[in-house]
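Here the structure comes first, spelled out in structure tokens, and everything after it is commentary.
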Amino acid sequence: MRDAVRPIAALTAAAALLLAVVAPSGSAFDQAKQPSAPAKQAAPAPAQPPEVKQIALTDKQIESILASQKDFDALSDQASAKPGAKEPPNMLAKLDEVAKKYGFANYADYAIVQSNIELVMGGFDPKTKTYVGSEAVLKQQLAEVQADKKMSAEDKKDALADINEALKSPPPAVAFKSNIDLVGKYYDKLVALMQDDE
């Protein structure tokens, strides 16, 4: 059942990757250099995932995402070939090269399109293949996990915690409603792509 939570988790991971690649800032580094705060100070609230830069998607962008995946997977395999190994040199340049090959300005442009697709996919009911919104999908997943008699108690506890956490900080509403129809048009291919990535 944890697989059902993955589209939302993927969105968060993609947004975090995008933020790390596109707009690296020294804020975390600067905070690390500051002297530690007194113990009496309250811990800050957990950081919200970075907001997705929403754009109106096109057929060409989605087709390019689908076509490029094998090349990006090859880079990913290359990067993770040896556990604990350092990232290959010039990885961002290699990512940019693959992105440009498929019509994107650079890897950051690719990541924005990917994040927008994942944002919409997170709101599709996998059974009906219709868009119902991410909150409705999460609530449906919550009910399914609670009703699952075959799931181990530990797995159920973990899945419920994941879903409840996702419900506390849901992704933003889809700003471009045309993206819903467009992603729906490619739904089966996109689901297959997401399953291949797992």
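The figures follow:
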| item | result |
| --- | --- |
| Qualifying lysines (Cα of each under 28 Å from Cα of K185; at least 8 residues distant if same chain) | K53, K60, K70, K100, K101, K127, K129, K139, K177 |
| Mean separation of Cα contacts under 8 Å (6+ apart) over length of region 105-196, as relative contact order % | 30 percent |
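Here, each number is a calculation from the coordinates, and none is a lab measurement. Just so we're clear, the structure is a prediction, and the values are computed from it rather than from any experiment.
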